[in-house]
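Working notes for the structure below.
The values are calculated or read from the model by the stated rules, or taken from the named source; none is laboratory data. These numbers were taken from a predicted model, which means no experiment stands behind them. Cβ atoms come from the backbone with ideal geometry, glycine included; neighbour counts cover every protein chain shown.
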Amino acid sequence: MNEREMPYWKITAVKQTFLHDHPSTALDPRINEPGYDLKVTKKGPSIFFETGVANYFMKERVDTMIVTGCNTSGCIRGSALDSFSHRFRTLVPEDCVGDIEEGPHRDNLRDIGRRYVDVTDLAFCVDYLERWGKRNAA
C-alpha cells in the first residue's frame with residue numbers, strides 16, 4: 001500500500017514499513033510459491049478486512065486457518081476473530097506470534113484461546129499440515 005492508502009495506525013513501525021516495495025514486505029522464497037500463492041495487502045489489523053481473502057478461502061474450500069505473525073493484541077487477534085466469525089477452524093501457534101509487550105501478548109492468547117481458537121505450537125501445525133497433505137494425496 002502507499003501512504004495515502006494507509007489507515008491512521010498508532011504504531012510508528014507499521015506506518016514506516018508496510019509500504020509497497022519496502023524490504024520488510026518481501027516474502028521469503030522458502031514459503032512463497034508465486035505461481036500458486038495469493039498475495040494480499042492488508043489495510044487493517046485483520047487479513048479479512050477489505051481483502052477478498054474470505055471469498056478466496058471459500059472458493060478454495062479452506063476449512064482451517066493458521067494465524068501467525070506480529071502483534072498478538074492487534075493483527076493476530078483481529079484475524080483470529082474474523083477467521084472464527086467466518087466459521088473457519090482457527091489455529092494460533094503460540095511460538096509463531098508475538099507482541100511488543102509480554103502482558104498483552106499473554107492476555108490476548110489466553111482470551112482468544114478461551115473463546116475462539118485453538119492455541120497450539122508450531123510442531124502441532126506442521127504435523128496437522130503433513131497429515132492433511134498425506135490424506136489428500138491418496
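General observations
- Set side by side, the residues GLY52, GLY74, GLY69 differ, and just one is small (Gly, Ala, Ser), at pLDDT below 95 and more than 12 Å from VAL97 (Cα to Cα), which is GLY52.
- Selection count where residues are surrounded by fewer than 19 Cβ atoms within 10 Å (Cβ to Cβ) and more than 16 Å from ARG110 (Cα to Cα), scope the stretch 71-86: 2
- When ASP95, ASP107, ASP82, ASP127 are checked against the criterion of being under 22 Å from LEU38 (Cα atoms), at pLDDT 95 or above, charged (D, E, K, R) and in a helix (DSSP H, G or I), a single residue qualifies: ASP82.
- Checked against (1) of a type outside the set (A, V, I, L, M, F, W, C); (2) within 22 Å of LEU27 (Cα to Cα); (3) in a strand (DSSP E or B), THR90 passes all but a single condition, namely (2).
- Every pair of residues 6+ apart whose Cβ atoms lie under 9 Å, when the first sits in the stretch 118-138 and is without any contact (Cβ under 8 Å) to a residue 24 or more places away in the chain and of a type in the set (Gly, Ala, Ser) while the second is part of a helix (DSSP H, G or I) and surrounded by 10 or more Cβ atoms within 10 Å (Cβ to Cβ): ALA123/ASP95
- Scanning the stretch 30-59 for residues that are under 14 Å from HIS86 (Cα atoms), part of a loop (DSSP other than H, G, I, E, B) and aliphatic (A, V, I, L, M) returns a single hit, ILE47.
- Meets criteria (surrounded by fewer than 20 Cβ atoms within 10 Å (Cβ to Cβ), of a type in the set (D, E, K, R) and touching a strand residue (DSSP E or B) at 6+ places or on another chain (Cβ under 8 Å)) for GLU94: yes
- Single condition ILE100 does not satisfy, out of (1) β-branched (Val, Ile, Thr); (2) part of a helix (DSSP H, G or I); (3) more than 15 Å from the chain's Cα centre (by Cα): (2)
- Inter-residue pairs, beta-carbon under 8 Å, first outside the structural domain of THR68 (by TED's automatic domain parsing) and in the stretch 102-116, second assigned to a helix (DSSP H, G or I), 6+ apart: none
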